[in-house]
There are 4 protein chains.
Amino acid sequence: MIKLGENSYGKNAVQLSKIIRHPDHHEFRQITVNVSLKGDFETAHTLGDNTKILPTDTQKNTVYALAKEHFTTSIEAFALHLAEHFVHTQQQVATATVEIAETAWSRITPHAYISGGAEKRTTQVIYNAATTTITSGITDLLILKTTDSGFEHFIKDPYTTLKETSDRIFATQCEASWIYKGAIKDYSVLFDNIRATLLATFAGHNSLSVQQTLFAMGEAVLETYPAVKEITLKMPNKHHVLFNLEQFGMSNQNEVFIATDEPYGYIVGTVIRE
Amino acid sequence: MIKLGENSYGKNAVQLSKIIRHPDHHEFRQITVNVSLKGDFETAHTLGDNTKILPTDTQKNTVYALAKEHFTTSIEAFALHLAEHFVHTQQQVATATVEIAETAWSRITPHAYISGGAEKRTTQVIYNAATTTITSGITDLLILKTTDSGFEHFIKDPYTTLKETSDRIFATQCEASWIYKGAIKDYSVLFDNIRATLLATFAGHNSLSVQQTLFAMGEAVLETYPAVKEITLKMPNKHHVLFNLEQFGMSNQNEVFIATDEPYGYIVGTVIRE
Amino acid sequence: MIKLGENSYGKNAVQLSKIIRHPDHHEFRQITVNVSLKGDFETAHTLGDNTKILPTDTQKNTVYALAKEHFTTSIEAFALHLAEHFVHTQQQVATATVEIAETAWSRITPHAYISGGAEKRTTQVIYNAATTTITSGITDLLILKTTDSGFEHFIKDPYTTLKETSDRIFATQCEASWIYKGAIKDYSVLFDNIRATLLATFAGHNSLSVQQTLFAMGEAVLETYPAVKEITLKMPNKHHVLFNLEQFGMSNQNEVFIATDEPYGYIVGTVIRE
Amino acid sequence: MIKLGENSYGKNAVQLSKIIRHPDHHEFRQITVNVSLKGDFETAHTLGDNTKILPTDTQKNTVYALAKEHFTTSIEAFALHLAEHFVHTQQQVATATVEIAETAWSRITPHAYISGGAEKRTTQVIYNAATTTITSGITDLLILKTTDSGFEHFIKDPYTTLKETSDRIFATQCEASWIYKGAIKDYSVLFDNIRATLLATFAGHNSLSVQQTLFAMGEAVLETYPAVKEITLKMPNKHHVLFNLEQFGMSNQNEVFIATDEPYGYIVGTVIRE
């Protein structure tokens, strides 16, 4: 028998900006919101019965409407409010997932801002009657070090051409996401601290491989922040390849590199507590 | 205790093109390959011990080297060969995942080609000692119908502004992926047939919702192709919004639309056998 | 003295789709429109005087409103109508430039369509009291040939490492734009013919260099179509680099290539009449 | 008679990174280089004669090779050196244009860096026997102000729906480019100063329109820096549209906005000396 398996629907890429007015300055916030609902939607698929479908257009309107009163502090608090709203007001909805990515802006005067770059602060809240899971993180954290990174003693096989090196550029577009245990008093302060720990560990680590640095970064977060249950790091290796100057009778002592986007090494790991 | 959880590493975005020479014409193939390995890599993370690490650079070289003899038919066959190679030659590797996306080219003369568009044929092969899972599919299948699509009788709540309609544009950038059971004689013929079934069902369906059309497409594939175990469809709803011409004293009888990219409805569903 | 030099303003990226209903099928058209106005806007810049400024929001509305009656045939005819509208109704506007890019859709049933790929048909109409210039073309025409292309006898200098070859892949994402002289009866028929000539010349040419093929393509268009005054071709060379299989004891007789996006050769040329 | 008109060729998107080692820290530089040559290339086009063609592959090698000794200070100095090299060593080359865009990195320790965002510092050097033109600038300078911006007293016509406002968000992805007169002692210091002037003027200006702010920014640069001959600013208006909360019985006093990418107003202007 052919039947419906796992399914969900929602609205993605709801672009919202908000001005929060403080006495002496404006706070400018810009977020992208994804909403996804799971529940009793079988007849919508099999019969075209829409009577249990809250349109994605309405979901979008809801994001804007609730932002006025409820997007005042962290993206985690707003995502949780949205997820609860959909589950509490729609009885056919069993689970609501709300993802928010916040764009960084640096304030340069009380009312003017410059982009904080591609880096985004993220959260994903999964809410149902039984459990609430809050996973927060960073995407597009583009970081690089010009030394204190090597890669040696690896396997050689018939297709090996890579040379061992004790000194190379280590560049990555890091994505980190960590799961919180229990309620957190101030998500934004904690985010800032975790981000600082990730950066300091990356910068200070004497790296023997991407894997080793990845683990060190995750370990540092778990050691420092008891509220973090586990952390996953994705670290594409954005290779900077030494250009062969010797062919022109010149030396290249880690000076001139070809910066490449593709192909890229892709290292993923989770650090957990046990 | 803090320790390593799930982890993997590999090379992504290996861009490979190949000319296969036939007596009267050339076959031009262009693929992007991702390799990902799981296995005994704990000391690489915790100690910086690289003696069990096959570099991602070597993985890349292997893709090019094996393509000469082994990329001669379907992407499924080549992905399987690559995955087996890594597991069989590297005893620390438990599972190899190889993903291949193939770019479409239309031949216009024996040796000249024009792009077949953004659509890509895809496969993912997961191989380990116990099981082989082959999931094939399509991404970026951009399809649209100008009628035979409506959306009515949905839930209204305080945030509803969407109007019911029995005639709207239905446009989607469909991603389909299906899992095969058992060995397949000719993956390429089967792919062409499944793609044709998906297109015909989309075009012919009298759609009451994206969900209903999604289910009909999946059901048609499972009904027609016993070799398909289950299929997942992701159908972002690329909204074409009626422009309000009435405000200028004109009528707009489903003629002029604003084509939007964001936000978009996102409908995902799996159709299974039971 | 500091003063205002050349300036313009307008609305870009107006995304419009239209259904044109024929007795037995629907015609689906999708375009992106850019409007740019030049004229007497000095006090807007120097004094903040907006009394001569037609807002870009109004320009956008105008595109949608005029599409109902006037976007019924070619993009050239609609662009010309829009450009005339802005110059004729706004006396402070001296010159209006309207650019339209049309997305290709292939009809598969009377009311269903599949994407025609990244290729776009384009036009730019520059209109003022004195002259009308219509430049039409194609962008993102992704074409490739697997043989009949070489590159030899070029200059060698101390930084040369490229090897001569009489047989290579020639791939390009061609952009062509041609200026029409006088009025054209049917822009769409002419576009189809010019596109066919470009493709046939590319496919049939025994290429000694990108430059030579570029010139041959332009020459063929000027020879065949008296209505074309001149044509400019931009042909980035999307290199497919032979992978070095010899280092693994294998031969590579133009079989396996690295497909690269960057860096790319960039060849631009105009072919004119004199 | 059909003949070759204007033409050029070169290598684009040469991705280069360099470590410059100072006693107490590393300086990390990352640039993208485009080279374009004009000269006596007619027979290359008409006859396939490559004897006057310096391959774009060699141009690329030259960029890497010359970077070792000559990319030590500003991108302007390196671009000029490259342009001179091609004209002086290749007698068939009349004019060389070298464009460099530099990616911003912020140093966080002596050897570790974090991305400085999408903003890029740019230069274009056009060099031939007669003249040298150096145009420098910024791209992707993403700036925003939450107040001190309005748009009123504009033209109303039958297609007007925009409401006048004395308080709106003003956001733009500014591109600025200025032409230098004569030789400059330190391009990098001057760049930093001009950038600071642009930011301060944007932040401090009481804007009646994008045009007025654009002119004020250009005027401030010309007034402050005699070495700048003229400046062109491109300021797409990244609209933040007030979301209609009134339809849900709520007020929206410039609080909640829809952030849009398309369509966008596009304002371009040059400020000159006379």
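Numerical summary
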quantity	calculated
Hull-based mean projected area of the range C:141-271, where the convex hull spans the alpha carbons, in square nanometres	9.2 nm²
On Cα atoms only, tilt of A:187-204 relative to the major axis of chain A in degrees	10 degrees
Shape call, the range C:101-149: gyration tensor on alpha carbons, a/c limit 1.5	oblate
Across the identical copies, how the B:Gly116 labels are spaced - nm, sorted shortest first, 7 Å along Cα→Cβ	2.0, 4.5, 4.5
Top positive-direction residue, dipole computed over the range B:141-271 with Cβ charges, set B:Ala203, B:Ser188, B:Val221	B:Ser188
Nearest-first distances (nm) between copies at A:Ile2, label 7 Å from Cα via Cβ	5.1, 5.4, 7.0
The range D:208-274 and the range A:229-243: distance between their alpha carbon centers, rounded to Å	37 Å
Two-site label geometry, D:Thr139 and B:Ala130: point separation in nm, points 7 Å out along Cα→Cβ	5.1 nm
Neighbour-limited loop hits for trypsin sites (Lys or Arg not before Pro), the range C:134-241 (at most 15 other Cβ within 10 Å; DSSP other than H, G, I, E, B)	C:Lys156, C:Lys163, C:Lys181, C:Lys185
Computed magnitude of the charge dipole of chain D (debye, nearest 20; Cβ of K, R +1, Cβ of D, E -1)	600 debye
Selection from C:Ile108, C:Phe86, C:Asn12, by position along the positive dipole direction of the range C:9-130 (Cβ)	C:Ile108
Local electrostatic count at D:Thr270 - Lys and Arg +1, Asp and Glu -1, tallied over other residues with Cβ under 9 Å	-2
For the range B:9-130, Kirkwood radius (reciprocal of mean inverse C-alpha pair distance, Å)	15.6 Å
Value of Rg to Rh for the range A:97-189 (Rh from inverse mean 1/r over Cα pairs, i.e. Kirkwood)	1.16
Cβ-derived FRET efficiency at R0 35 Å, A:Asp167 paired with D:Thr89, nearest 0.05	0.55
Test item: Cα-centred dipole of the range A:9-130, Lys/Arg +1 and Asp/Glu -1 on Cβ, debye	300 debye
Distance violations [Cα-Cα > 26 Å] among A:Lys234/B:Lys68; A:Lys60/D:Lys156; A:Lys60/C:Lys60; A:Lys11/A:Lys120	A:Lys234/B:Lys68; A:Lys60/D:Lys156
Angle in degrees between helix B:210-224 and the longest Cα principal axis of chain B, rounded to the nearest 10	50 degrees
Dimensions (Å) - the protein assembly as shown, Cα atoms, principal axes, largest first	73, 73, 65
Formal net charge of residues neighbouring D:Glu102 (Cβ-Cβ distance under 9 Å; K, R +1; D, E -1)	+3
Axis-proximal residue, chain C, for the rotation superposing C on B (Cβ, Å)	C:Gly117, 2
Net charge over other residues, Cβ less than 10 angstrom from the Cβ of C:Leu142 (K, R count +1; D, E count -1)	-1
Separation of the B:Asn193 and A:Ala118 label points, Cα + 7 Å toward Cβ, nm	4.3 nm
For chain A, projected area of the alpha-carbon convex hull averaged over all directions, nm²	21.8 nm²
Chain C: calculated mean residue ellipticity at 222 nm from DSSP helix runs of at least 4, using -39500 (n - 2.57)	-8000 deg cm²/dmol
Magnitude of the charge dipole, the protein assembly as shown, Cβ model with Lys/Arg +1 and Asp/Glu -1, debye to 20	0 debye
The range B:62-152: GluC sites (Glu not before Pro) in DSSP loop, at most 14 other beta carbons within 10 Å	B:Glu152
Label 7 Å beyond Cα on the Cβ vector: C:Thr224 copy-to-copy distances, nm	3.7, 5.6, 6.6
Near-label residues of the range D:55-91 by backbone N, under 15 Å of a point 7 Å along Cα→Cβ of A:Gln253	D:68-69
Ranked C:Ser106, A:Ser74, criterion: other C-beta atoms within 10 Å, fewest first	C:Ser106, A:Ser74
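FYI, it's all coordinate maths here, none of it is from the lab. This structure is a prediction, so every number in the text was calculated from the model and none was measured. In this analysis, Cβ positions are derived from the backbone assuming ideal geometry, glycine residues included, and neighbour counts consider all displayed protein chains.
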